[in-house]
1. Using only C-alpha positions, report the orientation-averaged shadow area of the convex hull of the stretch 100-221, nm², one decimal.
2. Given the chain, what whole percent of its Cα pairs are spread farther than 28 Å?
3. Calculate the all-directions average of the projected area of the stretch 237-324's alpha-carbon convex hull, and give it in nm².
4. Please state the charge dipole magnitude for the chain, taken about the Cα centre, from unit charges on C-beta atoms (+1 on K and R, -1 on D and E), reported in debye and rounded to the nearest 20.
5. Please sort by residue number the GluC sites (Glu not before Pro) in the stretch 49-148 whose DSSP state is loop and whose Cβ has at most 16 other Cβ atoms within 10 Å.
6. Report the label-to-label distance for Ser305 and Arg231 in nanometres (one decimal), using points 7 Å from each Cα along the Cα→Cβ vector.
7. Once the piece of chain linking Glu242 and Tyr72 is laid out straight, how much longer is it, given 0.36 nm per residue of separation minus the C-alpha distance between them?
8. Relative contact order for the stretch 100-221 using alpha-carbon pairs under 8 Å, separation at least 6, rounded to a whole percent?
Amino acid sequence: MASTSTPSNSITTRHETLYLPAGDLVLSALSDLKDRGLVLFRVHKFMMAHHSSIFRDMFALPIPVEDFNESYDGASMVHIPDSAEDLEGLLRVLYDPTRLPHKCQEFDFAVVGLLKLAIKYEIEPIRKHIVTRVNAAWPSSLEEWDAVDKRSASMEESGVTSTDALLPEPVLCIEIARLVPQDVHISPVAFYQLSRTSPNDNWDQAGTGKHAFRCALWNNLCYSDYLQLLRGQETVRNCLTEVEKEMRFPASSCQSISSCLSAYDKIWQETYCEVYKHSDPLLTLLMMDRPGYKLPDNLCEDCFSEFYGMLGGLRNGIWKAWSRAFALTGPN
């Protein structure tokens, strides 16, 4: 977890605000930034022990006198084998819990490092806060997804805010879900949100109001998750193809088989065009199930009724297939 041996480095700096004169413990950590080097944090043992069972147990262990030889500025010094940036984020939250964003939509990638350390050092309140907020921010069922999508569409039409204002950034949430797959179950819906987002639409270029568009932190998406996204999209396409075979058959009481077969050809041609255009099969099928959607006139009444009766099951099938494709098992 930690050691009293500090790595040699040509650059050593005290943190600007987290080097507390009254502290009795100096924590050193290497920065991920080449020009920053080793960063020193002076903190309080009681604060670290209060929040972390790992630190509490470490301080309670009898330590040989020779291990206290390394000190800095009159305080014991311990090297932390984590990045200075992650440690900084953790210490800021420990000393000021209000720095931890309340809503998942306010999280940034610093939360990933914070969660890693919260897990590593068994700081349960921070881990629980992040897990709870992420789970609460995403729909957990197809019905909830439809409700969020409906609200987003209404807000978009009014020009109030962006198309995904009701949902957090998906790539970040996928990273969080991978760290705690046993507790966070949002990866399928986060991947679906990502799948209907253009790779050209980056989060840092997002507009606001009527100029807003759906976007994601594409540059932060790891290679393995990108492959999983492609495989999931292929799974849905295969699901559509299999269901199409079943839904191309006219009803047993069909009044005009040749006309209805022609109508089915047109329906599925339009369906695939819409799915390809918007990368959103759930929305495409939902629009087909709404009163405003007009099926071909040459579809007989019995085939018409049977087709609509199968649409709901098709959407549920896609939702389940997608959920199976994106169940995460742990860190890459």
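1. Details: hull surface 29.4 nm².
With every direction weighted equally, the projected area is 7.3 nm².
2. Values: 30187 of 54946 pairs.
Taking all Cα-Cα pairs of the chain, the fraction more than 28 Å apart is 55 percent.
3. Values: hull surface 21.8 nm².
Across all orientations, the stretch 237-324 yields a mean hull projection of 5.4 nm².
4. Values: 31 positive and 44 negative charges, 21 e Å.
In debye, rounded to 20, the chain gives about 100.
5. Working: sites: Glu66, Glu70, Glu85, Glu88, Glu106, Glu122, Glu143, Glu144; in loops: Glu70, Glu122.
Those that pass, being in a loop and sparsely packed, are Glu70, Glu122.
6. 4.4
7. Details: separation 170, 0.36 × 170 = 61.20 nm, distance 6.79 nm.
Length gained between Glu242 and Tyr72: 54.4 nm.
8. Values: 145 pairs, mean separation 30.9, N = 122.
Answer for the stretch 100-221 is 25 percent.
A short reminder: the numbers here are calculations on the coordinates, not readings from a lab. Because the structure is predicted, anything quoted here is derived from the model rather than measured. Positions of Cβ are backbone-derived with ideal geometry, glycine not excepted, and every protein chain shown enters the neighbour counts.
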